[in-house]
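Have a look at the structure below, then the notes.
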Amino acid sequence: KNELDRVIQSLDGQMMVAIHETRKFELAARSDIKAVVEEQALSGGVISGVDYLVIPSVDDFQDLSETANFTTLGKTVQRRTIRMSLLMKIYDTVEGKLLETASVQTERTIINENFNSATTNSDATDTLLIELAKESSVKAAQRLADVIYPAKVLALTGKTVTLNRGDGTGIAVGQIWQIFAVGEALVDPDTGEILGSEEVYVGAAKITSVLPKFSKGVVSEDLGILRGSVLRLK
């Protein structure tokens, strides 16, 4: 329970940082709302309308330990693995609809060697829990950005494509991204609900550099890539 509570406490701040670093949203955090309202009351400001509501929850948490005793060496080795599943629900507050649900799984492991006992180092455990919360938050924030603002082509020069995903958004050198042309809106004939837009595959690119606000890649296939085309991680 102590470890789970520590992760949840860390998630609050880590989620705010991760969503902010996508550079796609103005963020109003529930945990900070009281302080924000008090400050706005002094400055005469008013909190603007909220377009999206993100509700994260931890739906699975496992803390597993394995211990091996080497009697002849007077040594004990403990392997500790912490796994967490973070469920995220994204609502459109204007229409009051659930846009997307996403489940993010994260796992971290530490190995302790001790010549007297298998006591877990508290500092190492705390670092492990913070890293777990940070990695989960980055994955969740990236999923949020992909649902509402998918990655898009900013420019195409020869075989070099530039896309609007930069450092801190989960993009990395070596990744392969598929590129799609966006077509007409897809409307459910039964409900009239807009399900998204038609997407037609037009190419692929391998990421070669990641900069603070955008990234570049080399196009491996071009069937009609245009500025504004949507990219999705393969």
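The table below gives the values:
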item	result
CD proxy at 222 nm, helix term only [per DSSP H run n ≥ 4: -39500 (n - 2.57); per residue of the chain; nearest 500]	-8500 deg cm²/dmol
Under 9 Å, Cβ to Cβ, from ARG83 - net charge with Lys/Arg +1 and Asp/Glu -1	-2
Rg and Dmax of the stretch 160-234, Cα atoms only, in Å	14.3, 45
Mean Cα-pair separation over length for the stretch 191-234, i.e. relative contact order, pairs under 8 Å, 6 or more apart, %	33
Mean Cα-pair separation over length for the stretch 172-217, i.e. relative contact order, pairs under 8 Å, 6 or more apart, %	42
Entry for P(r) over Cα pairs in 10 Å bins from 0, in percent (calculated from the structure that is shown) out of (i) 8, 36, 40, 15, 1; (ii) 7, 32, 38, 19, 3, 0; (iii) 7, 23, 26, 23, 14, 6, 2, 0	(iii)
Within-13-Å neighbourhood charge of VAL173 [Cβ basis; K, R +1; D, E -1]	+2
Cross-link partners of LYS234 among lysines (Cα-Cα below 30 Å; sequence separation of 8 or more within a chain)	LYS24, LYS89, LYS97, LYS134, LYS139, LYS152, LYS159, LYS206, LYS213, LYS216
Relative contact order (percent, whole number), the chain, Cα cutoff 8 Å, 6+ residue spacing	17
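Rule-based calculations on the coordinates, nothing more; no lab input. All values derive from a computational prediction rather than experimental measurement. Neighbour counts run over all protein chains shown; Cβ positions are idealised from the backbone, glycine included.
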